[in-house]
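The values are calculated or read from the model by the stated rules, or taken from the named source; none is laboratory data. What you see is a predicted model; the values in this text were computed from it and never measured. Cβ coordinates were reconstructed from backbone atoms using ideal geometry, including for glycine residues, and neighbour counts include every protein chain displayed. For the accessible areas, the whole protein counts, side chains as well, though only heavy atoms, and no ligand, DNA or RNA atoms are used. Shrake-Rupley method; radii C 1.70, N 1.55, O 1.52, S 1.80 Å.
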Amino acid sequence: MKSTSKFLTLILRHKPQIIGIELDEHGWADVEELIRRVKGLDFATLEQIVATDEKRRYSFSADKKLIRANQGHSIPVDVELEELKPPQILYHGTAERFSASIMAQGLLKKSRLYVHLSSDIETAIKVGRRHGKAKIFLVESLKMFSDGYKFFRSVNGVWLTEHVPAKYLKERF
Ligand code: HQG
């Protein structure tokens, strides 16, 4: 089931075309069509993935006819993110080798629609380890917000913003 869940990440965030489906402007895929096109997937498995995914990556529509990823997209969809005043500090986990570039350019969204931030340092450490030796940055999010930058929180609690200029970053370790 883990590999199916990983595959769903690819389809629902990045490349729906590889199984010949399209997402609508809000990132929704048709559940019946998805099940038809993904080998070995049935509705019960999909329900289980949505309910048990450790990062709550996916949501159904109320009638369960549609499914989408809550965040993390590289294709331009509007998942109706909640715009919010952020806490004083948010965290970003990355790899040590990206540090110098980040201190020069700030945090860039790279291939995704937003820079991903978390409200707790533990999550940031995990995210950073995906890329190598973890490096943690503190983001002065409330200061950014007062300076006019927008922040969003996805339904699974991930904080998102378009760009974090270097002046709002502090190296933690
Ligand atoms: C880095 C996972 C050099 C950035 C995670 C990161 C997250 C720079 C990498 C979600 C840079 C992009 C997103 C700069 C940023 N110079 N490197 N100026 N600015 N970077 O995967 O935040 O499991 O697109 O630090 O848990 O690592 O997929 O972003 O290392 O929530 O659900 O460029 O993906 O969630 O990498 O991860 P990514 P991310 P899932």
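Points worth noting:
- Checking each residue of the range 53-70 against the condition of being assigned to a helix (DSSP H, G or I) and in contact with a helix residue (DSSP H, G or I) (Cβ under 7 Å, 6 or more places away or on another chain) gives no match.
- Which listed residue is part of a helix (DSSP H, G or I) and more than 16 Å from the ligand (Cβ to nearest atom), from Ile102, Ile49, Ile35: Ile35
- Leu142 touching a Lys or Arg at 6+ places or on another chain (Cβ under 7 Å), of a type in the set (A, V, I, L, M, F, W, C) and more than 16 Å from the ligand (Cβ to nearest atom): no
- Of all residues in the range 93-104 being open to solvent by 30 Å² or more (accessible area, probe 1.4 Å) and touching a residue at least 40 places away in the same chain (Cβ under 8 Å), the one that is farthest from Arg153 (Cα to Cα): Ala104
- Residue check for Ala29: over 22 Å from Lys109 (Cα atoms) and surrounded by fewer than 12 Cβ atoms within 10 Å (Cβ to Cβ): no
- The set of residues in the range 32-54 that are under 19 Å from Asn156 (Cβ atoms) and over 15 Å from the mean Cα position of the chain (by Cα) comprises Leu46, Glu47, Gln48, Ile49, Val50, Ala51, Thr52.
- Of all residues in the range 1-13, those that are over 16 Å from Gln48 (Cβ atoms) have Cβ atoms under 8 Å from Cβ atoms of residues that are assigned to a helix (DSSP H, G or I), 6 or more apart or on another chain, in Leu10/Ile18; Ile11/Ile18; Ile11/Ile19; Ile11/Leu34.
- Of all the listed residues (Leu81, Leu107), the sole one being touching a strand residue (DSSP E or B) at 6+ places or on another chain (Cβ under 9 Å), within 12 Å of the ligand (Cβ to nearest atom), open to solvent by less than 80 Å² (accessible area, probe 1.4 Å) and hydrophobic (A, V, I, L, M, F, W, C) is Leu107.
- Residue in the range 58-78 that is β-branched (Val, Ile, Thr), over 13 Å from the mean Cα position of the chain (by Cα) and within 12 Å of the ligand (Cβ to nearest atom) present: no
- For the range 111-173, the strands (runs of 3 or more DSSP E) that sit wholly inside it and include 1 or more residues that are free of Cβ contacts under 8 Å to residues at least 40 places away in the same chain and open to solvent by 20 Å² or more (accessible area, probe 1.4 Å) are 169-171.
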